[in-house]
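The values are calculated or read from the model by the stated rules, or taken from the named source; none is laboratory data. Fair warning: this is a prediction, and the values are worked out from it, not measured in the lab. Please note: Cβ atoms are built from the backbone with ideal geometry, for glycine as well, and neighbour counts cover all protein chains shown. In case anyone asks, the SASA skips ligands and DNA or RNA and just uses the protein heavy atoms, side chains included. Shrake-Rupley method; radii C 1.70, N 1.55, O 1.52, S 1.80 Å.
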Amino acid sequence: MQPEGRASREVEGLRARYPVFYYESFAIEPTGSSLRLRFDYRVPPDLNFTTYTVLEDLPDNRQQIPAPAVENLVFNLGLIESFSYWKATCSPSIVINAGALDDEQLAWWQDLLLHGMREFFYVNKIDFTREDFVKLSVRDSRMARAYEQPLSNRSLIPIGGGRDSAFTARAFQQAAKPFGCLLLNPIPAARRIASAAGCDQPVVVHRTLDARLLELNQAGYLNGHTPFSAMLAFLSAICLAVYDYSNTVIANERSSDEGNTVFLGKKINHQYSKSFAFEEKFDQYLQKYLLKNARYFSFVRPLYELQIGQAFARYPEMFSAFRSCNRNQKSDSWCGACPKCLSVFITSYPFVSDGDLIRMFGSDFFQSESSLPIIRQLAGLDEHKPFECVTTFDEAIASLHLCVEKCDREGKRLPVALQYARKSILSGDGRAAEIAARVLSNDDSRHRIPAEFEKLLRATVRE
């Protein structure tokens, strides 16, 4: 079925009014102990955007990276940043004046745009499958050369404030692996995790969107999800070079590979830039075009969220540090009423005591009837999977089974949400138990983790 109606007409109107989006330039501006990166975009006839990213506390003894290598890294960050501004008009042509890309890179970026922006296309009912939908072109088609000098053998772990990155950082700390933490616009939870993991001097970066974009959103221009983790990947590449690390170690689990829905015959995945497919593609791009001796991989890629919840239960010192709720980031709390909160809650509940559950979340989310429609969504009983970073459908069913099993084992009365789950979601024929056994025993071999880190992961999960 093709998109139609008012939304489609508005999109075509914007595309006709703004036929070309230009990535004009970038600038690298040292300011004391910081490095400010500026990116400029233009959309004739009347739109201009400027965005800034600031890297704080540059090391005095940092490796001297040649200017062309730094410029190449920054130019590429500007490319992924452009998605946030291009989406306002969805212009059919993107012209890149700020730097050079060869034909293979252009195809790589076209692929990222058409996969990473699919949730945006779905929400705005945009037909992105047309051959003439969007074309990227570049003024300079020379191949960029990756920086070839060695980097220090240590890892940089981006910390957003959630459980998965807290687990990763704690595992590295416990194994005495050399690592640092990358905090982007850090919330209190991210700072607490870094501190609890022994990282007293994290790499801190501040990113600011152009206020004009927010004005356009309110004025009815197009808006929606962009592949944030792809932006973080390119930002981390700059940080590897500037702060001298060789690995970006992310915490994207196997659950992120499952899509949310299908649109125009294509899978729509809110977490595309957290998926194994993107991880592979970016790792290859990183080494070929940016930093030859760097790596990008997820430490927890072989694991489901439920397995991470089980392993994280061994780190009680982290229980009160993390926050995964996106809605209540500013208040540093859990809302208890969104898919993200419930996803983390149901994958933690089976493995910790009631007291520790309160330490983590502040309350028992299963006691509220407002959790019921969210649990239905997580278990795959509604139109589509929630557009947040949540469990797979099978994991949700497995988690609910384990939650009910825990209450039965401890002789507790089921809270309202688990009463509903037992009656309406868990079939009673043993299927949920089989799913739980399969998920918890999963040992996915599809990953690109170096052997020493794979050994650490296995030891951490099985200890």
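Just a few scattered comments:
- VAL54/SER368 FRET efficiency (R0 51 Å; Cβ-Cβ; nearest 0.05): 0.80
- Simple point charges give the picture: +1 on the Cβ of Lys and Arg, -1 on the Cβ of Asp and Glu, and for segment 164-293 a dipole about the Cα centre of about 40 debye.
- Across segment 374-387, rounded Karplus estimates of 3J(HN,Hα) from the backbone phi angles (6.51 cos²θ - 1.76 cosθ + 1.60, θ = phi - 60°) give 6, 5, 4, 4, 4, 8, x, 9, 10, 4, 8, 5, x, 7 Hz, Gly and Pro being marked x.
- Long-range HN-HN contacts of ILE250 with modeled amide H, under 5 Å: PHE297, SER298, PHE299
- Rg to Rh, two decimals, where the chain supplies the alpha carbon set and Rh follows Kirkwood: 0.97
- Flagged links, alpha-carbon separation over 18 Å, of LYS87/LYS385; LYS177/LYS340; LYS267/LYS385; LYS177/LYS455; LYS266/LYS385; LYS87/LYS135: LYS87/LYS385; LYS177/LYS340
- Across segment 313-463, the mean sequence separation of Cα contacts (distance under 8 Å, 6 or more residues apart), normalised by length, yields a relative contact order of 19 percent.
- Kyte-Doolittle mean at least -0.5, axial Cα span of 30 Å or more - DSSP H helices of the chain: none
- Packing here is the average count of other Cβ atoms within 10 Å per residue, and on that basis the peptides 360-373, 66-79, highest first, run 66-79, 360-373.
- The sum of -39500 (n - 2.57) across all DSSP H runs of n ≥ 4, divided by the residue count of the chain, sets its helix-only mean residue ellipticity at 222 nm to -12000 deg cm²/dmol.
- The lysines within cross-link reach of LYS288, meaning a Cα-to-Cα straight distance under 22 Å and a gap of 8 or more places when in the same chain, are LYS274.
- Local electrostatic count at ALA396 - Lys and Arg +1, Asp and Glu -1, tallied over other residues with Cβ under 10 Å: -1
- Residue (of PRO158, PRO68, ALA230) at the positive-pole extreme of the chain, dipole from beta-carbon charges: PRO158
- The charge dipole of segment 69-207, taken about its Cα centre with unit charges on the Cβ atoms of Lys, Arg (+1), Asp and Glu (-1) only, comes to about 660 debye.
- The order of the peptides 230-237, 449-456, 21-28 by mean Cβ neighbours within 10 Å, most packed first, is 230-237, 21-28, 449-456.
- With contacts taken as Cα pairs under 8 Å at a separation of at least 6 residues, the chain carries a relative contact order of 14 percent.
- Counting only Cα atoms, segment 249-297 measures 38, 22, 10 Å along its principal axes, largest extent leading.
- Size of segment 366-463 from its Cα atoms: along the principal axes, largest to smallest, the extents are 45, 34, 25 Å.
- Heavy-atom accessible surface of the chain: percent carbon and sulfur, 1.4 Å: 48
- Bridge type composition, the chain - antiparallel percent by DSSP, nearest 5: 50
- Evaluated over the Cα positions of segment 1-93, the convex hull gives a direction-averaged projected area, one quarter of its surface, of 8.2 nm².
- In this simple spin-label model, placing a label point 7 Å from the Cα along the Cα-to-Cβ direction at both ARG409 and SER333 gives a separation of 3.3 nm.
- Residues whose placed amide H lies under 5 Å from that of LEU291, excluding near-sequence neighbours: TYR147
- Built amide H within the under 5 Å cut-off of PHE263, gap 5+: ILE268
- Kirkwood analysis of the Cα pair distances in segment 174-258 returns a hydrodynamic radius of 15.4 Å.
- Placing a label point 7 Å from the Cα of THR261 along the Cα-to-Cβ direction, the residues of segment 208-239 whose backbone N falls under 15 Å of that point are 224-225.
- Distance between the 7 Å Cα→Cβ label points at ALA459 and GLN287: 2.4 nm.
- Pairs of Cα atoms nearer than 8 Å and 6+ residues apart set the relative contact order; for segment 1-136 it is 31 percent.
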